[in-house]
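Participant: Have a look at the structure that comes next, please.
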Amino acid sequence: MNEDLNNLQYWPIRDYRYAQHFQNIHFQDKNLTQTERQLLVRIIDETIADFSSGFTLVDSILEDEKDKHDRYHEIDRTVVSVMLFVLITAVDSLVTSKYFIQTSNDYDKRFFRGKLMVILNEGFKKLYGFNDKNRHNSEWVRLSPLLKDFPDIINKQYIELTELLEKHAQSSSWWNDERNLETHIIAEGLYQSRQEEVVESRVMESSMKLFDTLLAVDRFLTNMHACLVNSLIAMYKRGELKEE
């Protein structure tokens with residue numbers, strides 16, 4: 001066992017090109033063929049499986065660390081908690097997108113489009129926010145107080161991502177009107193909203209706008225978590241951390 005621990009390797013901190021996740025995607029206002037629809041659903045299912053596979057590990061870490069209040073565990077618990085938000089929001093958006101693509105029933109398709117708009121608006125609002133009020137309570141802001149314990153590369157990536165998220169927040173209304181109609185069931189407005197033409201490619205462009213943003217944040221969180229793991233490995237190699 002000691003030999004295995006002595007051979008521990010440091011986790012890589014990757015220099016991600018985050019800007020590529022914030023580019024506008026356009027599918028030229030087309031509806032999918034049946035073959036394209038089947039392929040997309042298969043890709044979505046694979047991505048859902050990949051993301052949801054992390055739920056159990058994340059939950060076990062949060063459960064294990066809930067009564068540990070030293071600086072390391074406070075930081076790790078926050079990072080992992082934000083990870084859980086990202087995973088759940090990404091999977092929920094994918095599941096809703098999948099059923100939107102799969103259904104051939106007109107009302108069902110309009111219904112799933114509306115519910116997806118709610119996830120897109122609420123997801124980005126909780127992730128980063130649209131104004132000072134909801135930004136103060138965002139998941140992104142939770143990470144800010146932790147940065148003094150991380151190396152320059154993490155701080156620089158946080159600044160880069162903050163600038164990209166800010167531009168994204170100001171890029172559109174993030175379907176706020178649709179969110180209000182769907183959430184509060186404002187019947188007349190909701191009916192009119194659902195009468196708008198359904199163009200599958202536009203809906204999937206909207207879905208990808210949030211998913212790609214979450215993917216960028218997930219990669220940043222992976223780097224943060226790698227730094228935390230590396231700090232434990234370094235402590236062990238220096239003899240400051242003993243095997244229990």
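Participant: Mind checking which residues of region 98-113 are out of contact with any Ser or Thr (no Cβ under 7 Å at 6 or more places or on another chain), closer than 19 Å to L181 by Cβ and open to solvent by less than 50 Å² (accessible area, probe 1.4 Å)? Steps first, answer last, please.
Facilitator: The first filter runs over region 98-113 and keeps only residues out of contact with any Ser or Thr (no Cβ under 7 Å at 6 or more places or on another chain), leaving 98-108, 110-111, 113.
From what's left, closer than 19 Å to L181 by Cβ: 100, 106-108, 110-111, 113.
The answer is F100, R110, R113.
Participant: Spot the failing condition for E178; the list is (1) modelled with pLDDT of 95 or more; (2) open to solvent by less than 20 Å² (accessible area, probe 1.4 Å); (3) among the acidic types (D, E), and only one is missed.
Facilitator: Result: E178 fails condition (2) only.
Participant: Take the conditions open to solvent by 60 Å² or more (accessible area, probe 1.4 Å), at pLDDT 95 or above, under 30 Å from S144 (Cβ atoms) and in a helix (DSSP H, G or I) and apply them to I88. Does it pass?
Facilitator: Values: open to solvent by 60 Å² or more (accessible area, probe 1.4 Å): yes; at pLDDT 95 or above: yes; under 30 Å from S144 (Cβ atoms): yes; in a helix (DSSP H, G or I): yes.
So I88 fits the description; yes.
Yes or no, residue by residue, for (1) among the hydroxyl-bearing types (S, T, Y); (2) surrounded by fewer than 20 Cβ atoms within 10 Å (Cβ to Cβ):
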site	(1), (2)
K167	no, yes
Q170	no, yes
A187	no, yes
R194	no, yes
S207	yes, no
V217	no, no
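Participant: Can you go through R110, R135, R77, R71 and tell me which one is under 24 Å from D50 (Cα atoms) and touching a helix residue (DSSP H, G or I) at 6+ places or on another chain (Cβ under 8 Å)? It would help to see each step written out before you state the result.
Facilitator: On the way: R110 fails: under 24 Å from D50 (Cα atoms); R135 fails: under 24 Å from D50 (Cα atoms); R71 fails: under 24 Å from D50 (Cα atoms).
Testing whether each residue is under 24 Å from D50 (Cα atoms) and touching a helix residue (DSSP H, G or I) at 6+ places or on another chain (Cβ under 8 Å) leaves just R77.
Participant: If you don't mind, there's one more thing I want to ask. If you check V95 against the conditions, is it within 19 Å of M204 (Cβ to Cβ), open to solvent by 30 Å² or more (accessible area, probe 1.4 Å) and not small (G, A, S)? Spell out the reasoning first.
Facilitator: On the way: within 19 Å of M204 (Cβ to Cβ): yes; open to solvent by 30 Å² or more (accessible area, probe 1.4 Å): yes; not small (G, A, S): yes.
Yes; evaluated as a whole, the condition is true for this residue.
Participant: Please count how many residues of region 114-142 are of a type in the set (A, V, I, L, M) and surrounded by fewer than 19 Cβ atoms within 10 Å (Cβ to Cβ).
Facilitator: Quick first cut of region 114-142, residues of a type in the set (A, V, I, L, M) only: 116-120, 127, 141.
Checking the rest, the ones that are also surrounded by fewer than 19 Cβ atoms within 10 Å (Cβ to Cβ) come to 118, 141.
Matching residues across region 114-142 total 2.
Participant: Still on this structure, I have one more. At least 3 residues that are touching a residue at least 40 places away in the same chain (Cβ under 8 Å) and within 23 Å of the chain's Cα centre (by Cα) in each: list the helices (runs of 4 or more DSSP H) lying fully within region 130-244 that qualify.
Facilitator: On the way: elements: 132-136, 139-143, 152-169, 176-184, 187-194, 200-237.
Output list reads 139-143, 152-169, 176-184, 200-237.
Participant: Okay, next question. Can you confirm whether I61 is touching an Asp or Glu at 6+ places or on another chain (Cβ under 9 Å) and surrounded by 13 or more Cβ atoms within 10 Å (Cβ to Cβ)? Quick ask: steps written out before the conclusion?
Facilitator: Numbers: touching an Asp or Glu at 6+ places or on another chain (Cβ under 9 Å): yes; surrounded by 13 or more Cβ atoms within 10 Å (Cβ to Cβ): yes.
In short, yes.
Participant: Tell me which residues, restricted to region 25-36, are surrounded by 10 or more Cβ atoms within 10 Å (Cβ to Cβ) and of a type in the set (S, T, N, Q). Break it down stepwise before answering.
Facilitator: Initial filter on region 25-36 (surrounded by 10 or more Cβ atoms within 10 Å (Cβ to Cβ)): 25, 27, 29-32, 36.
Of everything in region 25-36, just one residue is surrounded by 10 or more Cβ atoms within 10 Å (Cβ to Cβ) and of a type in the set (S, T, N, Q), namely N31.
Participant: Residues T213, T222: which one is open to solvent by 50 Å² or more (accessible area, probe 1.4 Å) and either over 19 Å from V95 (Cβ atoms) or not basic (K, R) (or both)?
Facilitator: Numbers: T213 fails: open to solvent by 50 Å² or more (accessible area, probe 1.4 Å).
Going through T213, T222 in turn, the sole match is T222.
The values are calculated or read from the model by the stated rules, or taken from the named source; none is laboratory data. In this text the structure is predicted, and so the values were computed from the model without any measurement. With ideal geometry, Cβ positions are generated from the backbone for all residues, glycine too; neighbour counts draw on all protein chains shown. For the accessible areas, the whole protein counts, side chains as well, though only heavy atoms, and no ligand, DNA or RNA atoms are used. Shrake-Rupley method; radii C 1.70, N 1.55, O 1.52, S 1.80 Å.
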